[in-house]
Every structure is written in C-alpha cells, then in structure tokens.
Amino acid sequence: MQYLHTMIRVTNLESTLDFFINKFGLVETRRTTNEKGRYTLVFLAAPADLESAHESQAPLLELTYNWDPEEYTGGRNFGHLAYRVDDIYALCERLSQAGVTINRPPRDGNMALIRTPDNISIELLQSGAALPPAEPWVSMPNTGVW
C-alpha cells in the first residue's frame, strides 16, 4: 500500500493557491480541468517531496475546486485520504470480512471508498491497470456517503 494524497475542497482557487504556494511554500505538480464535471483539481507537493511526487504522484495535497458555488458544512470541505493498493478486490474483501462498509465498491476494478470509524473517507486506487470487473463488486450498490 502507498499513501497518495489528501483532498480538500476549496471555495476560491486563487486565494487557496496563493496561501499554499506563495505563503506556505508548496509547489504545484499538476492540474486537471474537467469541463463536463465542472471542477478543477490542483495537486501540490512539499519541496522535499517533489522528486517523489513527479515519479509516483505521491505524497500530494489535492485541491478540489467545484465551479458551481457550494457551502461546505459538517466537514464536507475535507474530502478524503487516498492510498494505492496492490489488489483492490482482496483488500475490499478483507475489509468487508472485518466489518468495514465498502461505501463505493470497486465496480470498475480501479477505485473504492470506505470510511473510518470517525467518518473520514479513504479512497482506494488499484495500482497499475484496473482489474477486470468482478462480482460481488460489480453488482454491489453504493452505501451511505463518503
């Protein structure tokens, strides 16, 4: 397992970038704009993590800016932790057997979401290519929120 990033939602991308880059000292490593989804993702790294961030895209801070205004309450501005895993199906099975709810099952063989006992979301991403779709995950509905 490899730690990837922590995601936070931001309401003003420019002022947030000014804080994290100009004042705090992080460095932008990549940016994704999704017009259909109406959001921008900006990934930042600490200067000492730049080499690793460019090689493995970790460890990073992900800023998520949703273009449509939204008021974030109840901690919704904190998004999730993310980990790259060797076998997403095996890990989700082990977690499920241990009583952990798989909130967003790995239907695509690539991504799943779970929550900690304190309701902090964790994104699990398959290392390398997505695994072929498999049951019971393909048919499993989402449970709760993340």
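The values are calculated or read from the model by the stated rules, or taken from the named source; none is laboratory data. In this text the structure is predicted, and so the values were computed from the model without any measurement. Cβ placement follows ideal geometry from the backbone for every residue including glycine, while neighbour counts extend to all protein chains displayed. Please note that ligands, DNA and RNA were not included when accessible areas were found on the heavy atoms of the full protein model with its side chains. Shrake-Rupley method; radii C 1.70, N 1.55, O 1.52, S 1.80 Å.
Taking only protein heavy atoms and a 1.4 Å probe, the accessible area of the chain is 52% carbon and sulfur. Against the chain, whose longest principal axis is taken from its Cα atoms, helix 88-97 shows a tilt of about 70°. When each of the peptides 54-64, 132-142 is scored by the mean number of other C-beta atoms lying within 10 Å of its residues, the order from highest to lowest reads 54-64, 132-142.
Computed over protein heavy atoms with a 1.4 Å probe, the accessible surface of the range 7-62 works out to 60 Å² per residue.
Size descriptors for the range 66-109 (Cα atoms only): Rg and Dmax, in that order, 14.5, 39 Å.
Using DSSP, restrict attention to beta bridges with both residues in the range 5-146 and report what percent are antiparallel, rounded to the nearest 5.
On the way: 24 of 35 bridges.
Bridges in the range 5-146 are about 70 percent antiparallel.
Ranking F20, F78 by solvent-accessible area of protein heavy atoms (1.4 Å probe, all protein chains present), from largest to smallest, gives F78, F20. Of N103, N77, N12, which has the largest mean-square fluctuation in a 10 Å C-alpha GNM of the chain? Taking springs between Cα atoms under 10 Å, the residue moving most is N12.
Any idea which of S15, Q126, T73 is furthest toward the positive side of the dipole for the chain, if Lys and Arg beta-carbons carry +1 and Asp and Glu beta-carbons -1? It is T73, whose Cα lies furthest towards the positive end. Short-range pairs are left out: with C-alpha atoms under 8 Å and at least six residues apart, the relative contact order of the range 1-130 is 25 percent.
When Rg and the Kirkwood Rh are both derived from Cα coordinates, the Rg/Rh ratio for the chain amounts to 0.99.
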